[in-house]
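Below: the structure, in structure tokens.
The values are calculated or read from the model by the stated rules, or taken from the named source; none is laboratory data. Nothing here was measured: the structure is a model prediction, and the numbers come from that model. FYI the Cβ positions are ideal-geometry reconstructions off the backbone, even for glycines, and counts take in every protein chain you see. The accessibility values were calculated without ligands, DNA or RNA, using every heavy atom of the protein model including side chains. Shrake-Rupley method; radii C 1.70, N 1.55, O 1.52, S 1.80 Å.
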Amino acid sequence: MAKLTPEEVQKLTHGQHTRYPRKIEDWYAKQIKSWVNAWQRIASHYIDNYLARYVHGGNAFLQDDDQSWADAFDNFIKAMSMAISSATSEQEIKTAVGKFVKAVDNFSYANVKLQAGAVGLNPIQSDAELDSYVKIKLVENTHLVLNLRDEFADKLQTDIYNAITKGGGAGVVRDALVKRAGMTLRHADLIANDQTGTIIGQLNSYRHKKAGASRYIWQSQEDERVRPKHQALDRTVQKYDDPDGGDDGEMPGEPIRCRCVADPVFD
């Protein structure tokens, strides 16, 4: 693959490059992480105010003949999980996700309008296929966050049972909570990055092709975080919908953790 010079890229794109919606991704990540932090606070409240009564001296207070202890502990676990689930409703998630998807869609249209306008073309703002795609991404992202919430509660239950059955006290459970919350926060960042890159890439691609582009230039962020394969793809001309092109057929932004973008070449 021949790598273009920056000057050649500038000429082919008429100086109108594809922008990445970094602020939108950051907002989405912050929104999801605010929910994760709320779940952690709820779990911490239950651990500090209810779990402590079942553990003494750093060890679980277990007696084989004390069925009431087991029942009370099971109720504690269920109440904590229910409180976490109730803290972030499906409607609240759907509303925030709707803002995110719409923001990426508007960002895509504004950027492609500048690019196509440089050569006297007008991109489509909306059609049945775009509307369908936006609705699908709304449903997908709502379920991603719901699954993140439910997975946090389910795995935290397992963490607590493991800590208690191994003789750990409330302190060990608190440490497990911090670890679980940290993993969930990192997962939130991954969701925001992956979904932003995928949505902007696919919306741009659709609008670029509808406006008349059959080729694009792969553009990386050209920093130390770019993976070797994408360094090799940087500033190369690719064809849309080429199963053998790009990163094994994937467009910029579609591979996991990809921050690359596609600059359209209007023939």
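May I ask you to list pairs of residues, at least six apart or on different chains, whose Cβ atoms are under 8 Å apart, with the first in region 208-232 being at positive phi and the second being among the small types (Gly, Ala, Ser) and outside any strand (DSSP E or B)?
Once the first residue is at positive phi and sits in region 208-232, its partners that are among the small types (Gly, Ala, Ser) and outside any strand (DSSP E or B) give 212/116.
Testing residue 111 on (1) open to solvent by less than 40 Å² (accessible area, probe 1.4 Å); (2) in a helix (DSSP H, G or I); (3) within 30 Å of residue 43 (Cα to Cα), one condition comes back false. Which one is that?
(3)
Could you check, for region 243-253, whether at least one of its residues is of a type outside the set (D, E, K, R), open to solvent by less than 70 Å² (accessible area, probe 1.4 Å) and out of contact with any strand residue (DSSP E or B) (no Cβ under 7 Å at 6 or more places or on another chain)?
Within region 243-253 (the criterion being of a type outside the set (D, E, K, R), open to solvent by less than 70 Å² (accessible area, probe 1.4 Å) and out of contact with any strand residue (DSSP E or B) (no Cβ under 7 Å at 6 or more places or on another chain)), the answer is yes, since at least one residue qualifies.
Anything in region 215-228 that is of a type outside the set (S, T, N, Q) and at pLDDT below 95? List them, or say none.
222, 223, 224, 225, 226, 227, 228
Name the single residue, out of those in region 154-169 being surrounded by fewer than 20 Cβ atoms within 10 Å (Cβ to Cβ) and assigned to a helix (DSSP H, G or I), that is modelled with the lowest pLDDT.
165
Quick one: residue 196 ticks every box in (1) more than 11 Å from residue 262 (Cα to Cα); (2) surrounded by fewer than 23 Cβ atoms within 10 Å (Cβ to Cβ); (3) touching a residue at least 40 places away in the same chain (Cβ under 8 Å) except a single one, so which number is it?
Just one mismatch for residue 196, condition (2).
In region 170-180, what residues are more than 27 Å from the chain's Cα centre (by Cα) and open to solvent by 10 Å² or more (accessible area, probe 1.4 Å)?
Selection gives 170, 171, 172.
Can you tell me which condition residue 188 does not meet? The list is (1) modelled with pLDDT under 95; (2) under 18 Å from the mean Cα position of the chain (by Cα); (3) crowded, with 19+ Cβ neighbours inside 10 Å, and all the others hold.
(1)
Got a number for residues in region 119-153 being assigned to a loop (DSSP other than H, G, I, E, B) and at negative phi?
Adding up the residues that qualify gives 8.
I'd like the full set of residues that are in a helix (DSSP H, G or I), among the polar types (S, T, N, Q) and open to solvent by 30 Å² or more (accessible area, probe 1.4 Å), limited to region 68-94.
68, 75, 85, 86, 91
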